[in-house]
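Asker: Here it is, the structure, as C-alpha cells.
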C-alpha cells in the first residue's frame with residue numbers, strides 16, 4: 001500500500017506541475033484571467049494532496065486500513081475537485097457544457113476534507 005500511495009502522490013504531483021505549466025503557457029492565450037485563476041486553484045489543490053499522500057505514506061503509526069481510506073478519499077477527491085475545476089475553467093474551449101458537472105466540485109472538496117479528518121482523528125486517538 002505504501003508504494004501505491006507514494007507512486008500515486010508522485011504521479012499527481014508530476015501531473016500538477018505539467019498542468020500548471022500548461023495553464024501558465026498554453027492556456028494563458030485562450031482563457032480569461034478569472035478562468036486561469038480557477039484552473040490554478042485546481043492545480044494547487046492537486047499538488048497539496050499529492051504532498052499529503054507522500055506524507056501519510058511515511059506515517060508508520062497509521063494502519064493499512066486507515067491508509068487505504070485516506071488514499072481512496074484523496075484520489076476520488078482530487079478527481080472530482082481538481083478534475084471538475086479543470087473542465088469548468090476550460091469550458092469555453094469546448095462545445096460540451098461542463099457546467100452540468102459543477103455539482104461534483106464540492107463533493108470532491110468534501111472527500112478531501114474527510115481524508116484530512118480521518119488522519120486527524122486517527123492521530124488524536126493514538127496513545128502516546
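Asker: So how do 101, 113, 70, 33 line up by other beta-carbon neighbours within 10 Å, fewest first? Before the final figure, lay out the partial values.
Answerer: Details: 101 15, 113 12, 70 24, 33 8.
Going from sparsest to densest Cβ surroundings: 33, 113, 101, 70.
Asker: Cα centroids of the stretch 1-61 and the stretch 71-128: how far apart, whole angstrom?
Answerer: 12 Å
Asker: Name the most mobile residue of 41, 94, 66, meaning the one with the largest mean-square fluctuation, in a Gaussian network model of the chain with Cα contacts below 10 Å.
Answerer: 94
Asker: Residue separation times 0.36 nm, minus the C-alpha to C-alpha distance between residue 30 and residue 99: what's the value?
Answerer: 23.0 nm
Asker: Using a 10 Å cut-off around each Cβ, can you sort 25, 49 from fewest to most neighbouring Cβ atoms?
Answerer: Final ranking by Cβ density, sparse to dense: 25, 49.
Asker: When a footprinting reagent is the concern and you count Cβ atoms within 10 Å, what order do 14, 47 take, fewest first?
Answerer: 14, 47
Asker: Right, next: Can you give the FRET efficiency to the nearest 0.05 for residue 79 and residue 59, using r as the Cβ-Cβ distance and R₀ = 25 Å?
Answerer: Once the sixth-power term is evaluated, E becomes 0.60.
Asker: Helix 64-89 against the longest principal axis of the chain: what's the angle in degrees, Cα atoms only, rounded to the nearest 10?
Answerer: 10 degrees
Asker: Can I ask one more? Give, in nm to one decimal, the length gained when the segment between residue 14 and residue 37 is fully stretched (0.36 nm per residue of separation minus the Cα-Cα distance). If you can, show how the numbers build up before the last one.
Answerer: Numbers: separation 23, 0.36 × 23 = 8.28 nm, distance 1.96 nm.
Gain on extension, residue 14 to residue 37, equals 6.3 nm.
Asker: The list (i) 41; (ii) 47; (iii) 70 gives values of percent of Cα pairs over 20 Å apart, and only one came from this structure; which label was calculated from it?
Answerer: (ii)
Asker: I would also like to ask the following. Run lengths n ≥ 4 of DSSP H only: what is the helix-derived mean residue ellipticity at 222 nm for the chain, with -39500 (n - 2.57) per run over all residues, to the nearest 500?
Answerer: Estimated from H runs of four or more residues: -27000 deg cm²/dmol.
Asker: Compute the helix-to-body angle for 2-25: its Cα long axis versus the longest principal axis of the chain, expressed 0 to 90° and rounded to tens.
Answerer: So the inclination is approximately 20 degrees.
Asker: Cα gyration tensor of the stretch 53-128, axes a ≥ b ≥ c as square roots of the eigenvalues: rounded (a/c below 1.5), prolate (a/b > b/c) or oblate?
Answerer: Numbers: a/c = 4.26, a/b = 3.09, b/c = 1.38.
Since a/c reaches 1.5 and a/b is larger than b/c, the shape of the stretch 53-128 is classed as prolate.
Just so you know, all these numbers are worked out from the coordinates, no wet-lab data involved. This is a predicted model, so every value here is computed, not measured. Reconstructed Cβ throughout: ideal geometry from the backbone, glycine too, with neighbour counts over all protein chains shown.
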